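Engineer: Mind having a look at this structure? Questions to follow.
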Amino acid sequence: MLQVACVFLPLLGAIIAGCFGRKIGDRASQIVCCLAMGTSAVLAIPTFIDVALHGNARTILLFEWFASGDFHAPWALKFDTLSSVMVLTVTVVATAIHVYSVGYMSHDKSIPRFMAYLNLFTFFMLTLVTADNFMQLFFGWEGVGLVSYLLIGFWFDRHSASAASMKAFLVNRVGDLGFALGIMGVFILFGSVEFDTVFPLVPGKVGESMEFMGFHGDALTLVCLLLFVGAMGKSAQIILHTWLPDAMEGPTPVSALIHAATMVTAGVYMVCLLSPMFEVAPVARDIVTVIAATIGLVQNDIKRVIAYSTCSQLGYMFFAVGVSAYPAAIFHLMTHAYFKALLFLGAGSVIHAMSDEQDMRKMGGIWRKIPFTYAMMWIGSLALAGIPFFAGFYSKDMIIESAWGAGTGVGQYAFVMGVVAAALTAFYSWRLIFMTFHGKPRADHHTMEHVHESPPVMLAPLAFLSLGAIFAGFIAYETFVGHHMAEFWRGSILILPQHPSMEHAHEAPLWLKLMTIVVAAGGILAAYYAYMVKTSLPARLATMFRPVYLFLYNKWYFDELYNFLFVRPAVRIGRLLWKGGDGVIIDGLGPNGLAAVTVGLARRAGRLQTGYVYHYAFAMLIGLVGLVTWYLFYGRL
């Protein structure tokens, strides 16, 4: 039952810290949550060895969850190679983030609540990756969306944080609607939502058609596209990506957890999990989205620069899926978890050193004061840029080579965009390094005097994650994407023989392998020239190409477009329904109308009470005349 404990220990920690945090105190809450997460990570190691390396996949049935007519959905924990890789990655990286949070959030007034949220977020992610059916997958899917809302808006007294959390929640609801419709389509098509029942039936459904909103098309393509809409929302792909940078309003450990190994990788995991369906739906598989990370070139918030790099790295993972290189996508997901968490936690260490300052334009010249953090940011940036022989070099190169090896139009497009993104990634990564740590100090004298290295409880997780950023690619390369990868991924990922992109990747020529190194080095040199040698160049270019600069600085104007198309009309309609419908019609004719009529009648009746006897006598006389008249008229009838 080690696997069950591995999944449910974070939930236990969340319950203890969330329900009893005020009684046991801040320190005890931190210890409970870190201990629960650390134990889960330790248990994930023998699980990975037994399941992935020794091939002992298993499904642990806990109880029957849904049973209604022909619809059945158990709650079961499925451990195969794919899920065990994800469980190990999630728990190990999340443990480092939990420990880091002890130091980073030490002065916060709501420590138990924060630690409970972190534990609960990790539990939902573990539920997602160990799901045995679409319903359990959707439960974990919605769970991480819910807790991300709580974590991004953790400092709810800040308007920006509240707005960012609401934005993340609503944008993900758009994707989740497509995901829910896709699950319904799966049940209609296969009569089940259990993976072990659905996947063997997929080949028999090739060529079948389905009608959806008046559209009549290939059933598998339609279902896969609907499911992919959910992946676009969770993994922040273009169109549904606008929530991810704003998620930086949450505390830095939240940014690291969301961007590294949990929420944003859920979409990539889901598509790889459903490889038996996507492999026979070529149109759906080819609809992959690659976002060139140009927005990060002109952003000034240190966390937002790193956040936009997540969009491009997820783009790498998705175009790997698009050319049937699922193992390469998961390989990059794993390496990315280490170096992206390292970069975010390193950025948090910088913010801690700079007295909560996040604007890189107000930094500079601090590398001698925080040398350890500086070294960690270098390691993370080298891995992100794909410089030999760091983790990102192995995984990113395999994706680019697989795109080249696909030999298709989509593959060639992905290859070109991947090479361009490699250059841009290197440029903005070293733009961050040079603006933050080098040059003349741009902070005020008081801030510079107080720049200091973070405490050991924050630096130790950085050192641990740096080991993954350096060695994870080299250690896992042969197992994950080497010549014998089919033995490792047996039963958990399906790649049809007619999609040999990864086999061709192993035959890539030397010039192709050197190209990504050259373009990454070129990006680094360009950043060095612009921000260390010719420091006036960026401002001159921004002035010369003002429209381009504003286009990039305003993040392609996606937010403005959505505000114009959706937000403002929705606000106007809401205000009309509120003021006109609810206020005027419902309240006006309902409670408020009746109350107003009653008050009016009472005031008029009150005017009759004048206090003069002759007024009362006159009223009595009118009443008497009225009664006599009634009697004379109706009495005779």
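Engineer: Out of all the residues in the range 126-144, which are buried (at least 21 other Cβ atoms within 10 Å of the Cβ) and either among the small types (Gly, Ala, Ser) or assigned to a helix (DSSP H, G or I) (or both)?
Structural biologist: Those that are buried (at least 21 other Cβ atoms within 10 Å of the Cβ) and either among the small types (Gly, Ala, Ser) or assigned to a helix (DSSP H, G or I) (or both): 126, 127, 128, 129, 131, 134, 136, 137, 141, 144.
Engineer: In addition: Taking residue 409, is it more than 26 Å from residue 374 (Cβ to Cβ) and surrounded by fewer than 24 Cβ atoms within 10 Å (Cβ to Cβ)?
Structural biologist: yes
Engineer: Give me a count of the residues in the range 360-374 that are open to solvent by 10 Å² or more (accessible area, probe 1.4 Å) and in contact (Cβ under 8 Å) with a residue 60 or more places away in the chain.
Structural biologist: Within the range 360-374, residues that are open to solvent by 10 Å² or more (accessible area, probe 1.4 Å) and in contact (Cβ under 8 Å) with a residue 60 or more places away in the chain number 8.
Engineer: Which of the residues that make up the range 409-434 are more than 27 Å from the chain's Cα centre (by Cα) and at pLDDT 85 or above?
Structural biologist: 434
Engineer: Also, I was wondering about something else. Inside the range 178-277, counting only helices (runs of 4 or more DSSP H) that do not spill past its ends, which hold 3 or more residues that are more than 14 Å from the chain's Cα centre (by Cα)?
Structural biologist: 195-201, 219-234, 266-273
Engineer: Now, a different point. Just for helices (runs of 4 or more DSSP H) wholly inside the range 440-502: which have at least 2 residues that are in contact with a helix residue (DSSP H, G or I) (Cβ under 8 Å, 6 or more places away or on another chain), of a type outside the set (Ser, Thr, Tyr) and surrounded by fewer than 16 Cβ atoms within 10 Å (Cβ to Cβ)?
Structural biologist: 456-481
Engineer: Let me ask another. Which condition breaks for residue 541 when tested against (1) under 34 Å from the mean Cα position of the chain (by Cα); (2) of a type outside the set (Asp, Glu); (3) modelled with pLDDT of 80 or more?
Structural biologist: Failed condition: (3).
Engineer: How many of the residues making up the range 503-541 are in contact with a Ser or Thr (Cβ under 8 Å, 6 or more places away or on another chain) and open to solvent by 40 Å² or more (accessible area, probe 1.4 Å)?
Structural biologist: 1
Engineer: Taking the range 585-637 as the region of interest, how many residues are part of a helix (DSSP H, G or I), farther than 29 Å from residue 575 by Cα and hydrophobic (A, V, I, L, M, F, W, C)?
Structural biologist: Residues that pass the stated criteria total 17.
The values are calculated or read from the model by the stated rules, or taken from the named source; none is laboratory data. Just so it is clear, the model here is predicted, and its values are computed rather than measured. Neighbour counts run over all protein chains shown; Cβ positions are idealised from the backbone, glycine included. Just the protein is used for accessible areas: all its heavy atoms, side chains included, with ligands, DNA and RNA removed. Shrake-Rupley method; radii C 1.70, N 1.55, O 1.52, S 1.80 Å.
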